[in-house]
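Scroll down for the structure; my scribbles are underneath it.
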């Protein structure tokens, strides 16, 4: 019998033991890419992250924005600025209201 005290644990595996070297390398490369993406995201300013999130919510990205005609791009940027300003005002008002109720 294998195991401890007569208990059998079956086959215990780890990714490194069941993958050939190229699969392991590919796995690490994918992990490295995820880490690199995360680090690049965290290096962005809050304003850049907010703009990217707004663009994504509207089915856009920076490349699509750059490809737009100037008038269309200006309209999108104006809409983004207005909506983000409203979101910040709302968040500020909610934060102030939360502090008032905590103080009471």
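Structure summary
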quantity: Near pairs, Cβ below 8 angstrom, 6+ apart or cross-chain, from region 58-79 (farther than 18 Å from residue 48 by Cβ) to any residue that is assigned to a helix (DSSP H, G or I); calculated: 68/76
quantity: Matching entry among 21, 89, 79 (being at pLDDT below 90 and at negative phi); calculated: 21
quantity: Test result for residue 96, under 23 Å from the mean Cα position of the chain (by Cα) and either outside any helix (DSSP H, G or I) or not assigned by TED's automatic domain parsing to the domain that holds residue 39 (or both); calculated: no
quantity: Selection from region 53-93 of residues that are under 26 Å from residue 42 (Cα atoms) and outside any helix (DSSP H, G or I); calculated: 58, 59, 60, 61
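The values are calculated or read from the model by the stated rules, or taken from the named source; none is laboratory data. In this text, all values refer to a predicted model and were calculated from it rather than measured experimentally. Cβ sites come from the backbone with ideal geometry, for glycine too, and all protein chains shown count toward neighbours.
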